[in-house]
Amino acid sequence: MKRRMLLAAAVLLGLGMATAAHAQKSGGVLRVYHNDNPPSASLHEEVTIATLMPFMALFNNLVIHDQEAKKNTDDTIVPDLAESWSWSPDNTVLTFKLRDGVTWHDGKPFSSADVKCTWDTVIGKRDSGWRKNPRKEWFSNLKEVTVEGDRQVSFHLGRPQPSFLGFLAAGFSAVYPCHVPGRDMRTKPIGTGPFKLASFRSNQSISLVRNPDYWKKGRPYLDAIEWRMVPNRATRVLAFSVGEFDMTYAQDITSRLAGDIKAKAPQAVCQLAQYNIQTQLLVNPIPPFDDPRIKKAMMLALDRKAFIDILSEGNYRLGGVMQAPPEGVWGIGPDQLADVPGWTGDVEKNREEARKIMKELGYGPDKPLKIKVLARNLPANREPGVVLIDQLKQIGIEGELDAVESTVWYNRLQRKDYNVATNTGGSALDDPDVMFYEAYACGSERNYTNYCDKEMQARFDEQSSTLDPAKRRALVNKIDHDLQAAGVRPSIMHNRSTTCWHPYVRGVTLPLNSHYNNWRFDGVWLDK
C-alpha cells in the first residue's frame with residue numbers, strides 16, 4: 001500500500017512538473033539593478049552578496065539547496081554536479097558520484113580533479129593564487145579529498161560533522177576549474193553554470209548570457225541577465241517603479257520604500273524576509289578598547305528598540321549570534337539574553353551605569369572619548385552607524401562616522417584597521433558551525449575582533465560533532481548566550497528587508513532564512 005501511495009505521489013508530482021514546464025517561456029533579458037560595485041567575481045574569495053547575487057549563476061556546486069524551497073535546511077539539499085552521495089558507517093567519509101558530460105564554459109570537461117583542486121585550495125593544500133580564503137574555517141575538519149576515476153570524489157573528515165553537507169550546498173561553495181588561475185576568476189570567471197560572463201565593467205555593469213551547453217537540459221529559460229550599478233537608492237527605486245528594471249537588488253528595499261514602490265507600481269511583488277543578516281557592534285581590542293569596562297559601557301548604552309523603530313519601523317528582530325527566531329532554526333531571543341548588559345531594563349538606568357564606568361576611566365562631558373565608527377558606505381550599513389554614534393554620545397563617547405566603499409570595507413576589517421565599527425552583514429547559512437568558526441574561531445579571516453578563547457573553541461567542536469539534534473541545540477544556545485555576555489560582537493538587531501520584482505518575473509523564490517543560496521536563476525523566466 002505504502003509503495004502504491006509513493007508511486008501515485010510520484011506520478012502526480014511528474015504531472016505537476018510537466019504542467020509547470022509547459023507554462024514556462026524561454027527567452028528574454030532579466031534586468032536587475034545592483035546597489036554596489038562587487039570587489040571581484042570570485043565567490044571563494046569574497047563574503048558579500050554584492051559578488052554572490054550576480055555571479056552564482058555562473059557556477060554549480062556538488063549539491064545545492066532546492067531553488068524553490070522556502071527555507072534552507074538539510075532536507076532541502078538536492079543534487080547538482082553530484083548525482084548522489086553517501087556517508088561511511090562512522091560518518092567521517094562523504095563520497096559523491098559525479099555527473100557525466102558536464103563541460104566548463106570554455107569547453108573543457110568537468111571531472112573529479114576540479115573538485116579536489118577546489119577544496120585542496122580551500123583547506124590550504126594547494127596554491128591557486130587566491131588573495132583571500134574566508135571560508136577556510138568552515139572546512140577545518142576536512143583532512144583530505146581523494147578521487148577514484150573522473151566521476152567519484154570523497155571528503156575525509158577528522159570527526160563526524162552533521163553540518164558538513166550543508167557547507168557544500170551554500171551559494172559560495174562553487175566548484176572551480178583546475179585549469180583556470182585564481183587571479184582570472186576575479187575578473188573572467190569560468191564555471192559550469194547556466195550563464196556565462198559576457199562582460200564585467202567595474203562600477204558600471206555586469207552582463208551574463210545563456211550557456212547553450214548547460215548540462216541541465218532546457219535550462220536556463222532566460223537569454224541573458226543584465227546588471228547595472230546604480231549607487232543612489234532613490235534613483236534605482238524610482239527606476240524599478242517605472243519599469244526600467246525587472247527586479248531589485250536583494251534586501252535593498254526598506255518598509256517605507258516598499259510602500260513607495262507599491263504606490264507607483266501596485267502590481268509589483270515585494271517580499272519581506274529576514275535573510276540571515278544582522279547588525280553588530282565591533283570593538284577592536286586595542287588601547288583603550290582593550291579595557292573590558294569600555295566595552296561593557298558601550299553595551300549598556302545600546303537602545304535596541306530605538307534602532308529597530310528608527311531603521312525599520314519595528315520590522316527587525318532581536319536575537320544573539322544565531323539568526324533570531326521564528327525564521328532562525330538555531331537562534332535565541334531576548335528572553336534568553338535578559339542577564340546580558342544592555343539587553344533588558346530601563347535604558348536611562350543602563351546608561352547611568354555606563355556613565356559611571358566612563359567616569360571611573362577618566363572620561364566625562366568635559367573629556368569625551370573620541371572615536372571613529374567604521375561603516376560600509378551603503379544606506380543599510382551607514383545608517384546604523386549614525387544611530388550608534390548618537391547613542392554612545394549619551395555616555396561620553398564622541399563618534400565620527402568613517403564610511404568606506406565596499407572594495408576596501410572587508411580589507412579594513414580583516415586588517416583590524418578600525419576602533420569601533422557597525423557591521424551589517426550575514427552568513428551564507430543559518431548554521432552554528434558557519435557562524436561560530438567563521439566569526440569567532442582563533443585566526444579566522446572573518447574574526448574581525450581578534451577574539452580567541454581556546455575553551456570556547458573546544459565548545460564549538462563539541463556542538464559541531466554532536467549528532468543528537470536536541471543535545472546540539474542546547475549546546476548552541478548556551479554558546480550563543482555566553483558570546484553575547486562576553487561582549488564579543490554584540491548583536492544589535494537582525495535585519496528584515498524587502499526584495500521586489502514585477503509580476504511577469506516568474507520562478508523567483510526567496511528563502512526565509514538566507515539570501516545567499518538561491519541566485520542560480522536557471523528556473524527564472526519572463527511571462528511577457
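Being among the β-branched types (Val, Ile, Thr), more than 27 Å from LYS188 (Cβ to Cβ) and either at pLDDT below 95 or not assigned by TED's automatic domain parsing to the domain that holds ASP461 (or both) is true of THR146. Taken together, ARG376, ARG351 contain a single residue that is farther than 23 Å from ASP291 by Cα and buried (at least 19 other Cβ atoms within 10 Å of the Cβ), which is ARG376. Among the residues of the stretch 58-108, those that are at pLDDT 95 or above, among the hydroxyl-bearing types (Ser, Thr, Tyr) and out of contact with any Asp or Glu (no Cβ under 7 Å at 6 or more places or on another chain) comprise SER84, SER86, SER88, THR92, THR95. Candidates in the stretch 409-465 are the residues that are of a type in the set (Val, Ile, Thr) and farther than 18 Å from LEU475 by Cβ; of these, the one that is nearest to the chain's Cα centre (by Cα) is THR424. In the stretch 265-275, is there at least one residue being crowded, with 20+ Cβ neighbours inside 10 Å and not aliphatic (A, V, I, L, M)? Yes, the stretch 265-275 has at least one match. Among the residues of the stretch 193-249, those identified as of a type in the set (A, V, I, L, M, F, W, C) and part of a loop (DSSP other than H, G, I, E, B) are TRP215, LEU222, VAL230, VAL242, PHE245.
Annotation note: of GLY218, GLY259, GLY243, the sole residue that is at pLDDT below 95 and surrounded by fewer than 20 Cβ atoms within 10 Å (Cβ to Cβ) is GLY259. Considering the stretch 467-488 alone, what residues qualify as being assigned to a loop (DSSP other than H, G, I, E, B) and surrounded by fewer than 15 Cβ atoms within 10 Å (Cβ to Cβ)? Across the stretch 467-488, the qualifying residues are LEU467, ASP468. Scanning the stretch 74-100 for residues that are under 18 Å from the mean Cα position of the chain (by Cα) and surrounded by 18 or more Cβ atoms within 10 Å (Cβ to Cβ), we see that the one that is farthest from HIS44 (Cα to Cα) is THR76.
Among the residues making up the stretch 117-144, a single one is in contact with a Cys (Cβ under 9 Å, 6 or more places away or on another chain) and either assigned to a strand (DSSP E or B) or free of Cβ contacts under 8 Å to residues at least 40 places away in the same chain (or both): ARG126. Restricting attention to the stretch 432-468, the residues that are at pLDDT 95 or above, of a type in the set (Asp, Glu) and under 25 Å from GLN251 (Cβ atoms) total 1. Would you mind stating whether PRO177 is crowded, with 19+ Cβ neighbours inside 10 Å, in contact with an Asp or Glu (Cβ under 6 Å, 6 or more places away or on another chain) and farther than 30 Å from PHE460 by Cβ? Criteria met by PRO177.
One residue alone among ARG228, ARG210, ARG186 is of a type in the set (D, E, K, R), under 27 Å from GLU244 (Cα atoms), modelled with pLDDT of 95 or more and in the same structural domain as PRO54 (by TED's automatic domain parsing), and that residue is ARG210.
Selection of the stretch 164-189 for residues being closer than 19 Å to SER128 by Cα and either under 17 Å from the mean Cα position of the chain (by Cα) or in a helix (DSSP H, G or I) (or both) yields PHE172, SER173, ALA174, GLY182, ARG183, ASP184, MET185. Kindly indicate which of GLN391, GLN323 is among the polar types (S, T, N, Q) and touching a helix residue (DSSP H, G or I) at 6+ places or on another chain (Cβ under 6 Å). Matching residue, one of GLN391, GLN323: GLN391.
Taken together, the criteria exclude ILE332 from residues that are among the hydrophobic types (A, V, I, L, M, F, W, C), surrounded by 20 or more Cβ atoms within 10 Å (Cβ to Cβ) and more than 29 Å from VAL47 (Cα to Cα). Applying the criterion of at least 2 residues that are in contact with a Leu (Cβ under 8 Å, 6 or more places away or on another chain), without any contact (Cβ under 8 Å) to a residue 60 or more places away in the chain and in the same structural domain as GLY487 (by TED's automatic domain parsing) to the strands (runs of 3 or more DSSP E) found wholly in the stretch 327-441 leaves 369-376, 397-404. Of the residues making up the stretch 316-373, just one is closer than 23 Å to THR422 by Cβ, among the acidic types (Asp, Glu) and modelled with pLDDT under 95, namely GLU327.
The values are calculated or read from the model by the stated rules, or taken from the named source; none is laboratory data. Quick caveat, the model's predicted, so the values are computed rather than measured. So basically every Cβ, Gly included, is an ideal-geometry build from the backbone, and we count neighbours across all protein chains shown.
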